[in-house]
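Participant: Take this structure, written in structure tokens, and hold onto it; I'll ask about it next.
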Protein chains: 2
Amino acid sequence: MDIDIIKVAARSRTTAVAGAIAAVIRQAGYVEVQAIGASAVNQAVKAVAIARKYLTDDSIDIICIPEFSEVKIKDETRTAIKLIIEPRYPEDYSSEESW
Amino acid sequence: MDIDIIKVAARSRTTAVAGAIAAVIRQAGYVEVQAIGASAVNQAVKAVAIARKYLTDDSIDIICIPEFSEVKIKDETRTAIKLIIEPRYPEDYSSEESW
């Protein structure tokens, strides 16, 4: 799997996004979720809350770091919200991948 | 100051909310931000991103844990998003308050 940014839209299904977040965290221990606009940001945040539940079974406690991010869409610069998702204590986390 | 939950509305100013988050984190090392509806959640997430910038001057690296939360408003139960805000490494953090 080669996902580093999950782009969330207003119509994205939260459980589908949550599944993707959980899968990438399990494999790589890091993922970024990007959303533009209030509805998309809302879906993204809900997806992270759901992904947290999915990952408790794996004893992975994820946290989220929100940042502003400039994104170019059709030559227009828009401000996106980027949610950086990581295990709370990355040093305790052993990824399947070599770093 | 005695704030444990900051309630964010769709019309809340992000910088004002960010200032409140930063102030409570500096004093108590923990705060919850509650938002109902996409616009309010969006404002809350942006406020956390801004509060992160404010707190870098204090060398405090905050993280955010989103959860669903049931809230009763006028006898109606609504689903809110609760953002738990904490320093990334609470054990490294010495609060002004006694715990």
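Participant: Spot the failing condition for A:R88; the list is (1) modelled with pLDDT of 95 or more; (2) surrounded by 15 or more Cβ atoms within 10 Å (Cβ to Cβ), and only one is missed.
Facilitator: (1)
Participant: If you don't mind, there's one more thing I want to ask. If the requirement is being at pLDDT 95 or above and touching a Phe, Trp or Tyr at 6+ places or on another chain (Cβ under 6 Å), which of these qualifies: B:A22, B:A38? So that I can check it myself, show each step before the final result.
Facilitator: Details: B:A38 fails: touching a Phe, Trp or Tyr at 6+ places or on another chain (Cβ under 6 Å).
Exactly one residue qualifies, and that residue is B:A22.
Participant: Would you tally the residues in the stretch A:26-38 being within 14 Å of chain B (Cβ to nearest Cβ) and aliphatic (A, V, I, L, M)?
Facilitator: 4
Residue-wise test of (1) touching a Ser or Thr at 6+ places or on another chain (Cβ under 9 Å); (2) surrounded by 15 or more Cβ atoms within 10 Å (Cβ to Cβ).
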position	(1), (2)
A:Q43	yes, yes
A:I50	yes, yes
A:L55	no, yes
A:D58	no, no
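Participant: Then there's this: For the stretch B:18-41, which residues satisfy the criterion of being crowded, with 21+ Cβ neighbours inside 10 Å and closer than 14 Å to B:K82 by Cβ?
Facilitator: B:I21, B:V31, B:V33, B:A35, B:A40, B:V41 - these are the residues of the stretch B:18-41 that are crowded, with 21+ Cβ neighbours inside 10 Å and closer than 14 Å to B:K82 by Cβ.
Participant: Checking the condition at the interface with chain A (Cβ under 7 Å from one of its Cβ atoms) and either among the charged types (D, E, K, R) or surrounded by fewer than 12 Cβ atoms within 10 Å (Cβ to Cβ) (or both), which residue from B:E67, B:E76 passes? Write out each step before concluding.
Facilitator: Numbers: B:E76 fails: at the interface with chain A (Cβ under 7 Å from one of its Cβ atoms).
Every option except B:E67 fails the conditions.
Participant: Would you be able to say whether some residue in the stretch B:39-52 is aliphatic (A, V, I, L, M) and farther than 22 Å from A:K46 by Cβ? Can you show your working first?
Facilitator: Applying the first criterion (aliphatic (A, V, I, L, M)) to the stretch B:39-52 yields B:40-41, B:44-45, B:47-51.
Then keep just the ones that are farther than 22 Å from A:K46 by Cβ; that gives none.
No; the residues of the stretch B:39-52 include none that is aliphatic (A, V, I, L, M) and farther than 22 Å from A:K46 by Cβ.
Participant: Give me the strands (runs of 3 or more DSSP E) completely within the stretch B:10-99, filtered to those with at least 3 residues that are more than 25 Å from A:P90 (Cβ to Cβ), ordered by residue number.
Facilitator: Values: elements: B:31-35, B:62-73, B:76-87.
Of the strands (runs of 3 or more DSSP E) lying wholly inside the stretch B:10-99, those with at least 3 residues that are more than 25 Å from A:P90 (Cβ to Cβ) span B:62-73, B:76-87.
The values are calculated or read from the model by the stated rules, or taken from the named source; none is laboratory data. All values derive from a computational prediction rather than experimental measurement. Ideal geometry is used to build each Cβ from the backbone, glycine not excepted, and the neighbour counts take in all protein chains shown.
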